[in-house]
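Heads up, the thing below is written out as structure tokens.
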Amino acid sequence: MAINKTAAGTYCVDFRDQHGKRIRKTFDRLEDARAYDKQSLGDISKGDFVAPSDVTVKEIAEAWHKRKVDTAGYRPATLGNWRTHIDRYIAPTLGNLAVQRCGIEQVENAAAEWGRMTSSNTANKVLTTWAAVFKLAQRYGPLQGKANPAELAERVKIPNDEEKDDQVTPECVYTQDELKKLINATAAGSLERVLVMVPALCGLRIGEVLGLQWPAIDLKANKLHVRTNLVDIGKKNGGRGLRAPKSISSRPQELARELKFWKLACPPSEQDLVFATIEGKPLHRKFASQILDAAITAAEVKRLTLHKLRHSFASLYCSRATCRSRKLAGF
């Protein structure tokens, strides 16, 4: 290895790495050149030397996201979240910094800034995305053989008040009386009533509600099996599709009666959906939310979302200490 002074007065470190590739790097100060020379010599002896690269954080993030888009199996919503993490947080903060110059301190400072911009939870999710991005740089790019600073960085501490925000409070759920009023504000045997009752009495997620199919319902045994989940799959695939859910089954008897009436009026659909439009297409989440809003207005109860109906189920379910039966009495 050699350090040569150039005609411009700079210092060029000239050597060959462990693979025999010639490396040249120029520094303004002799001490910087010597430090790089010493570090490189040690890395070469261990076989860990990585050639200098100007690839930026933004460039490696874009390459990573493109790989994910081109790989089948990722949901559009997941790809969209990653896109947001890159565009809103990673790129604006340190996007122009070379990957090799991005250390743990820079990552932790960026995460702290994100925590101030949004929330600690979101900041930590972005960190997870960033760690995945840098894994690509470790495998094929400028971080080969080097540590992943985003993995080693400390996560943002979640303050107590933010932890409380994740808890379900009485203001976020309906009481038994409020739920009665809400159900009674809809017509018996209607789509509106069934759409309110399914998440409220079974604790289903909205995707599981809208993906519910008639073959999954045993009206004689009063059993409802959650087998499908309606998810966004991208415009190329028709917008929405059915996938396996996370839940198991439920046995609400009052809901079974309403479902019997609704089945007689339900529009036919190719997928035999419980909740379908007149044209037989899956019901859109936005329209389902509008149905709930109309029922809330008619019932004159506090305004909650369809997801909060699931929380209401959990709240009433636990307060009655009937966790094994999955039944709600009094309706």
Qualifying positions in region 281-298 - among the small types (Gly, Ala, Ser), farther than 19 Å from residue 229 by Cβ and surrounded by fewer than 19 Cβ atoms within 10 Å (Cβ to Cβ): 294, 298
Any hit, region 73-80, residues being in a helix (DSSP H, G or I) and surrounded by 14 or more Cβ atoms within 10 Å (Cβ to Cβ): yes
Any pair with Cβ under 6 angstrom, 6 or more apart, that starts in region 288-308 at a residue that is in contact (Cβ under 8 Å) with a residue 60 or more places away in the chain and ends at one that is basic (Lys, Arg): 296/303; 299/181; 301/181
Count of residues meeting criterion [touching a strand residue (DSSP E or B) at 6+ places or on another chain (Cβ under 7 Å), modelled with pLDDT under 90 and among the acidic types (Asp, Glu)] in region 223-280: 1
Contacts under 9 angstrom Cβ, first residue in region 65-94 being within 18 Å of residue 110 (Cβ to Cβ) and touching a residue at least 12 places away in the same chain (Cβ under 8 Å), partner of a type in the set (Ser, Thr, Tyr) and surrounded by fewer than 16 Cβ atoms within 10 Å (Cβ to Cβ), 6 or more apart: 82/74; 85/128; 89/118
Criterion (modelled with pLDDT under 90 and over 21 Å from residue 153 (Cα atoms)) met by exactly one of 100, 18: 18
First in region 262-286 and assigned by TED's automatic domain parsing to the domain that holds residue 193, second anywhere and among the charged types (D, E, K, R), Cβ under 6 Å, 6 or more apart: 282/240
Criterion violated by residue 30 - all others in (1) of a type outside the set (Val, Ile, Thr); (2) farther than 18 Å from residue 53 by Cβ; (3) touching an Asp or Glu at 6+ places or on another chain (Cβ under 6 Å) satisfied: (3)
Breaking point among (1) modelled with pLDDT of 85 or more; (2) surrounded by fewer than 13 Cβ atoms within 10 Å (Cβ to Cβ), for residue 126: (2)
Within region 196-216, tally of residues that are surrounded by fewer than 21 Cβ atoms within 10 Å (Cβ to Cβ) and under 14 Å from residue 262 (Cα atoms): 2
Neighbours by Cβ (under 7 Å, 6+ apart or cross-chain): first from region 17-41, assigned to a loop (DSSP other than H, G, I, E, B); second exposed (fewer than 11 other Cβ atoms within 10 Å of the Cβ): 18/47
Test: residue in region 163-183 that is in a strand (DSSP E or B) and at pLDDT 70 or above: no
The lone exception for residue 58 - which of (1) over 43 Å from the mean Cα position of the chain (by Cα); (2) at pLDDT 85 or above; (3) among the basic types (Lys, Arg) it fails: (1)
Positions within region 101-160 being part of a helix (DSSP H, G or I), of a type in the set (Val, Ile, Thr) and within 22 Å of the chain's Cα centre (by Cα), in sequence order: 107, 122, 126, 128, 129, 133
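The values are calculated or read from the model by the stated rules, or taken from the named source; none is laboratory data. Since the structure is predicted, the reported quantities are computational estimates derived from the model, not experimental observations. Neighbour counts are summed over all protein chains in view; Cβ atoms, including those assigned to glycine, are modelled from backbone coordinates with ideal geometry.
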